[in-house]
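J.: The structure's right below; bear with me while I get my questions together.
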Amino acid sequence: METNTIIILAVISGLLGIIIGYLAKQFSQKDKLEQDKRKAESILSDANSKAKEMLFEAKNEALKTLDQYKADEEKKRQQLDKIEARLNEKEENLEKKLDQADKLKSDLEQKAEKIKQLRVDAETALESQKKELEKIAGFSRDEAKEKLFKEVEDSSRKDLAELIVKVEEETKKESKDKARFIIADAIQRYAAEVATESTATVVALPSDDMKGRIIGKEGRNVMAFEQATGVDVIIDDTPGSIVISGFDLVRRYIAKISLEKLILDGRIHPARIEEVVEKTKDEVEIMIKDLGEKAILETGVVGLNPSLVKLLGRLKFRTSNGQNILKHSMEVSYLATNIAGELGADIEICRKAGLLHDIGKSVDHEVQGHHAIVGRDILKKFNLSEDIIHCVESHEGDIEPKTVEAMIVSAANQIANARPGAQRNNLDSFVKRMEELENVSNSFAGVKDTYAIQAGNEVRIFVKPEEVDDYAAVKLTHDIARKIEKDIQFAGQIKLHLIRETRAEDIAK
């Protein structure tokens, strides 16, 4: 019984504790709510006070901005009033000038009408006088003109011939002296060596026993070498050497270097030959680029595409009439630059066009067409200027030069080709040139015989004295010279000697 009482008392005590705790917690939360409420009311009061202050300040700032806007607007309005006043003034002045122009136009129209009327009156009077003169003279105007011209021609024939001779002599003297100075100066400033290339290259051998090793068993080594390089190897009884033959100088050079490496190494068999040739080809490609860079460095040309420089280097291994094309191109560049400097032409165009004028020959064995046209297409591909392209396409004379620079490059090319030793002309072309000169002269009436002498630098013309008098001889010489200039391509100049009872001379430039 006592135990149950204790348990009941404990339960009641626990319940009273829980109730008291709950009531205490409720009172505590109520106090906290009262405190939070008071804090919220304080914050709200402060916020209202600050909001009123901010509203007051914003209102003041808006009023200030409005006043400033009104002041700026008034200032702009005053400026617009001033501008409007100036425009009105200019408009009044323009109207006055238009009135003056209209008045001046009216005056000019009146004067033009008067002049037109005076011209009509003058033409009428002149026509009347012409008819009166025709009536008095008994000739029509055309008949009188023809008669007058014939009399003037007959009376002036001698004077005209003498005048032609005098003017041409003076012109020839002045132009010859000037041209001689310019060309001589350009040539002496660049005196190039005469380098001729053959179609064969000789390779020295350390001993004749090496020939057998180069040939190989049943000729397999030499066959592999010829197939890899594209040249012909000539092995004969000549002691201490063999000959590499071929028209492509690049292939011959690769073959020469490759063979020298093989001889030095001593290992000569088809696999080693292919390995050495391929390695040499790579080295030659680098060397070709270096040759092009050296050429542009020596001539002072800048701004070329690396691929174009490589094409330029390939000209080292091209020949034309015995000339090395790269050396010839550098020579033309020097000559064209010097001549352009003397004549006041564009030096840079002549310098660059002179160096690139034969660039088409670097690929003319790969591309069909004349090397000047091929060169033109190459330079267009690399976006060079039209002036340089025109110099290149016209340097052979197939296209008429239209600029001073194009004429200079063409002249420099002819000078470089015409100097002694520059080219190896064959007998057939020489004889053909002599026949062309003689045929041109013989085509004129009154010519009896013609002889081309001094390797075509002079032509002696014998005329029929009964058909050609002394004065007509001067004109005939002049006409033959002009026809030679028009119909025949030649370098330098040709002197004509016309022989009758007196001798007349002319020069085809």
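Here, each number is a calculation from the coordinates, and none is a lab measurement. None of the values given here were measured: they were computed from a predicted structure. Methodologically, a virtual Cβ is constructed for each residue, glycine included, from the backbone with ideal geometry; neighbour enumeration extends over all protein chains shown.
J.: From the square roots a ≥ b ≥ c of the eigenvalues of the alpha-carbon gyration tensor of segment 1-110, which class results: rounded (a/c under 1.5), prolate (a/b over b/c), or oblate?
T.: Prolate, since a/c reaches 1.5 and a/b exceeds b/c.
J.: Below 22 Å, Cα to Cα, which lysines can Lys256 reach? Residues fewer than 8 away in the same chain don't count.
T.: In chain and number order, the partners are Lys211, Lys217, Lys279, Lys281, Lys289, Lys310, Lys316, Lys327.
J.: How much length would be gained if the chain were fully extended between Leu108 and Ser13, taking 0.36 nm per residue of separation minus their Cα-Cα distance, in nm to one decimal?
T.: 20.7 nm
J.: Which order do the peptides 457-470, 95-108, 226-239 come out in when sorted by mean C-beta neighbours inside 10 angstrom, highest first?
T.: 457-470, 226-239, 95-108
J.: Using all C-alpha to C-alpha distances in segment 200-287, build P(r) with 5 Å bins and read off the rounded percent in each one.
T.: Histogram of Cα-Cα distances, whole percents per bin: 3, 16, 29, 29, 18, 6, 1, 0.
J.: Under 20 °C and 1.002 mPa s, how fast does segment 271-385 diffuse according to Stokes-Einstein, given a Kirkwood radius computed over C-alpha pairs? Answer in µm²/s, whole number.
T.: The estimated diffusion coefficient comes to 144 µm²/s.
J.: Once you put a point 7 Å from the Cα of Glu435 and another 7 Å from the Cα of Gln454, both along the Cβ direction, what distance in nm separates them?
T.: Between Glu435 and Gln454, the label points sit 2.5 nm apart.
J.: So how much slack lies between Leu66 and Glu170, counting 0.36 nm per residue of separation and subtracting their Cα-Cα distance, in nm?
T.: Result for the pair: 28.2 nm of gain on full extension.
J.: Oh, and also: So for each of 326-339, 269-282, 472-485 I average, over its residues, the number of other beta carbons within 10 Å; can you give me the resulting order with the highest mean first?
T.: Highest to lowest by the protection proxy: 326-339, 472-485, 269-282.
J.: Report, for segment 428-508, the % of DSSP beta bridges that are antiparallel, rounded to 5.
T.: Of those bridges, close to 70 percent are antiparallel.
J.: May I ask for log10 I(q)/I(0) of segment 248-334 at q = 0.19, 0.24 Å⁻¹, from a Debye sum over the Cα atoms as equal point scatterers with solvent left out?
T.: With no solvent term, the Cα-only Debye profile gives -0.85, -1.10.
J.: Pick out, in residue order, every one of the chymotrypsin sites (Phe, Trp or Tyr not before Pro) in segment 210-290 that is DSSP loop and has at most 13 other C-beta atoms within 10 Å; say none if there are none.
T.: Taking segment 210-290 and a limit of 13 other Cβ atoms within 10 Å, the loop chymotrypsin sites (Phe, Trp or Tyr not before Pro) found are Phe247.
J.: Points 7 angstrom from Cα along the Cβ direction at Lys116 and Glu92: gap in nanometres?
T.: About 3.9 nm, to one decimal.
J.: Still on this structure, please answer the following. Give me the distance in nm between label points sitting 7 Å out from Cα along the Cα-to-Cβ direction at His269 and Ile286, one decimal.
T.: The two pseudo-label positions are separated by 2.8 nm.
J.: Here's something else I'd like to know. If Lys and Arg each add +1 and Asp and Glu each add -1, what is the summed charge of the other residues whose beta carbon sits under 12 Å from the beta carbon of Ile388?
T.: -2
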